[in-house]
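Chemist: Just dropping this structure here.
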Amino acid sequence: MIPAIEPKRLTGSEALVSPDGKKIGSLIDFWSWAYSDLAGNAERGALAEYIVACALGISHKERISWDKYDLLTDDGISVEVKTSGYLQTWEQKELSKPIFGIQQTYGWDSHSNKYDATQKRQADIYVFCLHKHTDLSTLDPLQISQWDFYLMPTQMINERFDKQKTVTLSALLKEGAEKCEYKDLRDRIHYLLAYPTGDIEKESL
């Protein structure tokens, strides 16, 4: 078998080289060209993963886009990061309604190159990241103050939403998702996984 390619942290200074050996650009130029649309759904999703990784102290680990889950903490907690927002990059008649994906998947093992036999939600906990900002003139996804964060252990999602593929923000709140300050994400993730059933107050007594 050809082994999986492990991502290598690059700096942005790496050169784009033509066939005759001349520098025609740089990696930072490519990143700027390809990924400056931080309000776009794809780029905003990757940015949210990085924002959560910073909160969990694991931003030194390179992103693996094909893994079963988005993030893995140093103590082995797997995290799925889902993103939504009110503003889109296209022309809108009205603000978007926040909807998050929670579908079950066939987990893929990069070592065996095989998918799991059954579908399930792969991570231990979900972090729902809402880009809440609604003023187009001051839109800046790099400002953490423009985001809200909601937590729900996967066990709770399975119990409340079963095989549902998407969920609205209002439904998450109704079923017990916890709004969390950015600075508290790491501590609250550990706490909620200790009491994943939703009856947190009772179980913590």
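The values are calculated or read from the model by the stated rules, or taken from the named source; none is laboratory data. Because the structure is a prediction, the values reported are computed rather than measured. So basically every Cβ, Gly included, is an ideal-geometry build from the backbone, and we count neighbours across all protein chains shown. In case anyone asks, the SASA skips ligands and DNA or RNA and just uses the protein heavy atoms, side chains included. Shrake-Rupley method; radii C 1.70, N 1.55, O 1.52, S 1.80 Å.
Chemist: Let me confirm something: among 74, 37, 148, which residue is within 18 Å of the chain's Cα centre (by Cα), touching a residue at least 24 places away in the same chain (Cβ under 8 Å) and closer than 24 Å to residue 186 by Cβ?
Modeler: 148
Chemist: For the stretch 96-113, what are the residues that are free of Cβ contacts under 8 Å to residues at least 60 places away in the same chain and more than 16 Å from the chain's Cα centre (by Cα)?
Modeler: Of everything in the stretch 96-113, those that are free of Cβ contacts under 8 Å to residues at least 60 places away in the same chain and more than 16 Å from the chain's Cα centre (by Cα) turn out to be 96, 106, 107, 108, 109, 112.
Chemist: Also, I was wondering about something else. Can you tell which of 25, 12 is surrounded by 11 or more Cβ atoms within 10 Å (Cβ to Cβ) and assigned to a strand (DSSP E or B)?
Modeler: On the way: 12 fails: assigned to a strand (DSSP E or B).
Result: 25 is the single residue among 25, 12 that is surrounded by 11 or more Cβ atoms within 10 Å (Cβ to Cβ) and assigned to a strand (DSSP E or B).
Chemist: While we're here: Check off (1) more than 23 Å from residue 66 (Cα to Cα); (2) out of contact with any Pro (no Cβ under 8 Å at 6 or more places or on another chain); (3) modelled with pLDDT of 95 or more for residue 198 and give me the number that stays unchecked.
Modeler: Just one mismatch for residue 198, condition (3).
Chemist: If the Cβ limit is 6 Å and pairs must be 6+ apart or interchain, which residue in the stretch 173-192 that is open to solvent by less than 60 Å² (accessible area, probe 1.4 Å) pairs with which residue that is at pLDDT below 95?
Modeler: 176/198
Chemist: Failed condition for residue 69, given (1) surrounded by 11 or more Cβ atoms within 10 Å (Cβ to Cβ); (2) among the aromatic types (Phe, Trp, Tyr); (3) outside any loop (DSSP other than H, G, I, E, B), with all others met?
Modeler: Single failed check for residue 69: (3).
Chemist: Quick check: is even one residue across the stretch 53-66 within 12 Å of the chain's Cα centre (by Cα), farther than 16 Å from residue 147 by Cβ, of a type outside the set (Val, Ile, Thr) and open to solvent by 40 Å² or more (accessible area, probe 1.4 Å)?
Modeler: Scanning the stretch 53-66, I find at least one residue that is within 12 Å of the chain's Cα centre (by Cα), farther than 16 Å from residue 147 by Cβ, of a type outside the set (Val, Ile, Thr) and open to solvent by 40 Å² or more (accessible area, probe 1.4 Å), so the answer is yes.
Chemist: Right, next: Within the stretch 79-89, can one find any residue that is open to solvent by less than 50 Å² (accessible area, probe 1.4 Å), in a loop (DSSP other than H, G, I, E, B) and under 20 Å from residue 134 (Cβ atoms)?
Modeler: yes
Chemist: Does any residue of the stretch 114-126 turn out to be charged (D, E, K, R), assigned to a loop (DSSP other than H, G, I, E, B), touching a residue at least 12 places away in the same chain (Cβ under 8 Å) and open to solvent by 70 Å² or more (accessible area, probe 1.4 Å)?
Modeler: no
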